[in-house]
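Peer 1: This is the structure, below, for whatever I ask next.
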Amino acid sequence: QAQLVEAGGGLVQPGGSLRLSCAASGITFSIYNVAWYRQAPGKQRELVASITSSTNYADSVKGRSTISRDNAKNTVLLQMNSMKPENTAVYYCNARRIMTGVHNYWGQGTQVTVSS
């Protein structure tokens, strides 16, 4: 069974950094578009970053976030710097099959709280 497991969330102070990881089992990440989304309480889910053969970032995180693949570990990472309180949210990993989009998987989410 395909499974995505996010890790690395927690409490970080404003201006701090956090690295999230999404580890896949049951699928091979290299043939999936992988994206990080976040959803704050009472807010709509929003795309943070995605990676295919290239990377894409939401305007709000450009310049302070990096999404990358570690294919050897079947993992996608999201490095986030200069965190802001407004970035507090549950961060979700999503994998969508390249070229088909038929297979679409979500992780359980990891809580990120940005607070002093």
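Every read-out reported here was derived from the displayed coordinates using simple, explicitly stated rules and does not represent laboratory data. Note that the structure is a prediction, hence the values are computed from the model and not measured. Every residue, glycine among them, receives a Cβ derived from its backbone with ideal geometry; neighbour counts consider all protein chains shown.
Peer 1: Charges at C-beta only: +1 for Lys and Arg, -1 for Asp and Glu. How large is the resulting dipole of the chain about its Cα centre, in Debye rounded to 20?
Peer 2: For this selection, approximately 80 debye.
Peer 1: Calculate, in nm to one decimal, what Q108 and R19 gain on full extension: separation in residues at 0.36 nm each, minus their alpha carbon distance.
Peer 2: Result: 30.4 nm gained on full extension.
Peer 1: On alpha carbon coordinates alone, what is the Rg over Rh value for the range 69-116, Rh being the Kirkwood radius?
Peer 2: 1.07
Peer 1: Report the rotationally averaged projected area of the chain based on its alpha-carbon convex hull, in square nanometres.
Peer 2: 6.9
Peer 1: Now a separate question. If packing is taken as the mean number of other Cβ atoms within 10 Å per residue, what is the order of 73-83, 1-11, highest first?
Peer 2: Descending packing order for the listed peptides: 73-83, 1-11.
Peer 1: Sticking with this structure for a sec: Show me, for the range 95-104, the HN-Hα J-couplings you get by feeding each phi into the Karplus relation (A = 6.51, B = -1.76, C = 1.60, θ = phi - 60°), rounded to Hz, glycine and proline as x.
Peer 2: Each residue of the range 95-104 in turn: 10, 10, 4, 5, 6, 10, x, 5, 8, 9 Hz.
Peer 1: Further question on the same structure: Let me check against my output: what whole-number percent is the relative contact order of the chain, with C-alpha pairs under 8 Å and at least 6 apart?
Peer 2: Once divided by the residue count of the chain, the mean separation gives 37 percent.
Peer 1: I'd like the antiparallel share, as a percent to the nearest 5, of DSSP beta bridges with both residues in the chain.
Peer 2: 95
Peer 1: In whole Hz, with x marking every Gly and Pro, tabulate ³J(HN,Hα) for the range 13-23 from phi via Karplus 6.51 cos²θ - 1.76 cosθ + 1.60, θ = phi - 60°.
Peer 2: 7, x, x, x, 10, 8, 10, 9, 10, 10, 9
Peer 1: Under 22 Å Cα-Cα from K43, which lysines qualify once same-chain neighbours fewer than 8 residues away are excluded?
Peer 2: Straight-line reach from K43, under 22 Å: K62, K84.
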